[in-house]
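None of the figures in this text is laboratory data; all of them are computed from the coordinates on show. All values reported here derive from a predicted model rather than from experimental measurement. Here Cβ is always computed from backbone atoms with ideal geometry, including for glycine, and neighbour counts include all displayed protein chains.
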C-alpha cells in the first residue's frame with residue numbers, strides 16, 4: 001500500500017514532463033492572442049524563411065505583405081500583413097492564393113497579431129494556377145455599402 005502512492009506520483013510526473021520541455025511541437029493552433037510560440041525552426045517561429053512580397057494598395061491602405069516559407073501546391077503558407085500605424089485595423093481581412101476570382105482557392109481569415117499586424121495561414125490550391133498571386137481582401141467600417149476591396153502581389157516561388 002505504501003508503494004502505490006509514490007509510484008502513482010512518479011508516473012504522473014513523467015506523464016506530464018514532455019509538455020514542459022520546451023521542445024518543438026507539431027500541432028495546429030491559432031495566433032489570435034497575438035503571441036507566437038517557438039516552433040523549433042531556424043527562425044524560431046515555425047513558419048520558415050520570411051520573404052517580403054511587397055506593398056499593395058487595398059482601398060486607401062498600403063499593406064506590406066510577408067510570406068513565410070515556400071509555396072507548395074496542396075500545402076499552406078503563413079503570411080503577415082502590416083498595416084499603417086495610427087489607423088484601425090480592418091473589420092475583416094481575408095487572403096487567398098490563386099487567381100483574382102478565388103476560383104479553386106480557399107480564403108483564409110487573418111487575425112490581429114499586433115496593433116498594425118495581422119497574421120494567418122493560407123491554403124495553397126492543388127493544382128496551383130500558373131499565374132497565381134497572393135490576394136488580400138479587406139472590409140473597412142467606412143467602405144460604402146459594406147463592400148470589400150482587394151489587391152494582390154506576386155508570390156515568392
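With 0.36 nm allotted per residue and the present C-alpha distance subtracted, the residue 70-residue 157 stretch has 30.7 nm of extension available. Distance between the 7 Å Cα→Cβ label points at residue 106 and residue 130: 2.7 nm. Compared with the alpha-carbon gap, the fully stretched path from residue 148 to residue 57 is longer by 31.4 nm at 0.36 nm per residue.
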